[in-house]
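*Asks:* Take this structure first; my questions come after.
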């Protein structure tokens with residue numbers, strides 16, 4: 001980014017504080033997407049260890065049976081659930097579902113597209129991912 | 001009826017600190033801030049405070065303004081971190097005795113608070129912001145293009161756009177992508193696509209069906225939250241995408 005363009009850059013894009021829960025969902029969607037991409041790459045590397053035979057496979061799998069491994073997997077579960085639920089909300093919005101109808105705007109101009117349906121969708125995605133993460137932690141640490 | 005004095009109407013005068021970003025791309029390496037103590041009453045707008053500074057403290061502060069009533073779209077700037085119109089923002093509604101004004105993000109700076117609008121106008125022109133038809137109302141025996149109130153309702157909200165650029169300043173994609181067409185132009189594309197008198201839908205959809213066009217919008221909705229005229233660009237963009245995906249016709 002050049003100073004000439006006066007772009008906010010990644011700092012502005014990733015700032016969740018100014019535009020409400022919709023912008024928070026936007027940033028969480030990006031972070032969870034990148035996180036899942038990283039996980040898929042790591043997962044391919046992990047499963048490739050099967051080429052080293054049963055011993056090599058079991059040895060590598062032990063990494064996921066540690067406290068850090070369990071926490072990492074719980075975060076992956078949370079990212080996966082959030083990305084899925086919020087992704088469904090966004091896809092529905094992208095085809096015009098739940099974004100309201102055009103109408104003459106009245107002051108104070110509350111945007112119809114930022115309505116309670118989408119807010120409920122965002123909060124549901126956050127709550128469901130937290131519940132799924134806690135369930136995952138309970139299963140992994142409860143053994 | 002009881003007489004209300006001007007003093008009662010305007011309320012108490014308080015002193016606020018106005019922090020104005022100063023930057024001249026010809027001379028300065030980075031942005032700096034100058035602070036001024038200015039009086040503010042209940043109805044004092046940020047623009048009035050800036051003009052107070054220009055009149056009484058420093059005439060060199062560069063700011064663009066014209067109508068002072070949220071109609072011309074000239075005085076967009078970042079006020080306490082959010083894009084707003086300076087003439088439409090009362091200091092009292094900011095709930096702070098410190099008001100910081102900066103030039104809009106994602107627009108090249110001319111000087112201080114004034115930014116260049118060339119790119120916004122270019123992208124606006126790109127989507128063909130006019131009715132496309134083979135015939136014309138100007139022909140002597142042609143009738144005017146009739147439209148029902150319901151048909152008008154489909155786009156009239158989007159015709160309120162004053163090209164202030166606040167939506168482009170708030171957009172997270174605009175913050176990263178220099179080639180993105182932006183929420184202002186996309187909302188205006190919908191305004192004409194949804195107009196029953198227009199016959200240029202396919203040509204407009206072709207323009208925005210681009211990797212830096214409509215597909216770069218991720219429905220963050222910040223554009224709609226900052227629009228001072230209730231245009232709701234996010235809604236228009238999603239409807240527009242519905243046309244491209246075959247969910248609308």
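*Asks:* Would you be able to say whether some residue in segment A:113-123 is without any contact (Cβ under 8 Å) to a residue 60 or more places away in the chain and at the interface with another protein chain (Cβ under 9 Å from one of its Cβ atoms)?
*Replies:* Yes; the residues of segment A:113-123 include at least one that is without any contact (Cβ under 8 Å) to a residue 60 or more places away in the chain and at the interface with another protein chain (Cβ under 9 Å from one of its Cβ atoms).
*Asks:* Please determine whether any residue of segment A:97-111 is without any contact (Cβ under 8 Å) to a residue 24 or more places away in the chain and outside any loop (DSSP other than H, G, I, E, B).
*Replies:* No, because not a single residue in segment A:97-111 is without any contact (Cβ under 8 Å) to a residue 24 or more places away in the chain and outside any loop (DSSP other than H, G, I, E, B).
*Asks:* Does residue B:132 satisfy being under 12 Å from residue B:192 (Cα atoms), at pLDDT 85 or above and in the same structural domain as residue B:204 (by TED's automatic domain parsing)?
*Replies:* When the stated conditions are applied, residue B:132 passes them.
*Asks:* Let me ask something additional. Which pairs have Cβ atoms under 6 Å, sit 6 or more apart or on different chains, and link a residue in segment B:114-126 that is without any contact (Cβ under 8 Å) to a residue 40 or more places away in the chain to one that is surrounded by fewer than 21 Cβ atoms within 10 Å (Cβ to Cβ)?
*Replies:* B:116/B:108; B:116/B:110
*Asks:* Right, here's the next one. Which one of B:185, B:170 is within 11 Å of chain A (Cβ to nearest Cβ) and either in contact with a helix residue (DSSP H, G or I) (Cβ under 9 Å, 6 or more places away or on another chain) or within 22 Å of residue A:27 (Cβ to Cβ) (or both)?
*Replies:* B:170
*Asks:* How many residues are buried (at least 24 other Cβ atoms within 10 Å of the Cβ) and either in contact with a strand residue (DSSP E or B) (Cβ under 8 Å, 6 or more places away or on another chain) or more than 7 Å from every other protein chain (Cβ to nearest Cβ) (or both) when one looks only at segment B:228-249?
*Replies:* Within segment B:228-249, residues that are buried (at least 24 other Cβ atoms within 10 Å of the Cβ) and either in contact with a strand residue (DSSP E or B) (Cβ under 8 Å, 6 or more places away or on another chain) or more than 7 Å from every other protein chain (Cβ to nearest Cβ) (or both) number 5.
*Asks:* Among the residues of segment B:40-68, which ones are modelled with pLDDT of 95 or more and exposed (fewer than 14 other Cβ atoms within 10 Å of the Cβ)?
*Replies:* B:55, B:56, B:58, B:59, B:60, B:66, B:67
*Asks:* Output the residues belonging to segment B:216-226 that are within 7 Å of chain A (Cβ to nearest Cβ) and closer than 15 Å to residue B:188 by Cα.
*Replies:* If the condition is that a residue be within 7 Å of chain A (Cβ to nearest Cβ) and closer than 15 Å to residue B:188 by Cα, then B:224 is the only one that fits.
*Asks:* Which fully enclosed helices (runs of 4 or more DSSP H) of segment B:129-218 have 2 or more residues being more than 16 Å from the chain's Cα centre (by Cα)?
*Replies:* B:149-153, B:183-193, B:201-208
*Asks:* Still on this structure, please answer the following. Is there a residue being more than 14 Å from chain B (Cβ to nearest Cβ), surrounded by 15 or more Cβ atoms within 10 Å (Cβ to Cβ) and in contact (Cβ under 8 Å) with a residue 60 or more places away in the chain anywhere in segment A:73-92?
*Replies:* yes
Each row is one residue, and each column tells you yes or no for (1) assigned to a helix (DSSP H, G or I); (2) within 11 Å of another protein chain (Cβ to nearest Cβ); (3) over 20 Å from residue A:82 (Cα atoms).
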{"position": "A:6", "(1), (2), (3)": "no, yes, yes"}
{"position": "A:23", "(1), (2), (3)": "yes, yes, no"}
{"position": "A:40", "(1), (2), (3)": "yes, no, no"}
{"position": "A:43", "(1), (2), (3)": "yes, no, no"}
{"position": "A:47", "(1), (2), (3)": "yes, no, yes"}
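*Asks:* Something else: In this structure, is residue B:72 closer than 21 Å to residue B:188 by Cβ, within 19 Å of the chain's Cα centre (by Cα) and either modelled with pLDDT of 95 or more or not assigned by TED's automatic domain parsing to the domain that holds residue B:11 (or both)?
*Replies:* yes
*Asks:* Return yes when residue B:191 is surrounded by 14 or more Cβ atoms within 10 Å (Cβ to Cβ) and over 24 Å from residue B:215 (Cβ atoms) and no when it is not.
*Replies:* no
*Asks:* Looking at segment B:1-28 only, could you name the residues that are at pLDDT below 90, loosely packed, with under 10 Cβ neighbours inside 10 Å and farther than 21 Å from residue B:89 by Cβ? Step through it out loud before you land on a result.
*Replies:* Pass one, segment B:1-28, residues at pLDDT below 90: B:1-12.
The next check asks that each one be loosely packed, with under 10 Cβ neighbours inside 10 Å; those that pass are B:1-6, B:8, B:12.
Listed by number, the residues that qualify are B:1, B:2, B:3, B:4, B:5, B:6, B:8.
*Asks:* Does residue A:53 qualify as being assigned to a helix (DSSP H, G or I) and crowded, with 17+ Cβ neighbours inside 10 Å?
*Replies:* Judged against the criteria, residue A:53 is not a match.
*Asks:* For segment A:8-21, give me each residue that is under 18 Å from residue A:86 (Cβ atoms), part of a helix (DSSP H, G or I) and within 8 Å of chain B (Cβ to nearest Cβ).
*Replies:* Taking segment A:8-21 as the starting set, the residues that turn out to be under 18 Å from residue A:86 (Cβ atoms) are A:13-14, A:16, A:19-21.
Remaining after also requiring part of a helix (DSSP H, G or I): A:13, A:20-21.
If the condition is that a residue be under 18 Å from residue A:86 (Cβ atoms), part of a helix (DSSP H, G or I) and within 8 Å of chain B (Cβ to nearest Cβ), then A:13, A:20 are the ones that fit.
The values are calculated or read from the model by the stated rules, or taken from the named source; none is laboratory data. The structure displayed is predicted, hence computed values, not measured ones. Note: ideal-geometry Cβ built from the backbone for every residue, glycine included; neighbour counts use all protein chains shown.
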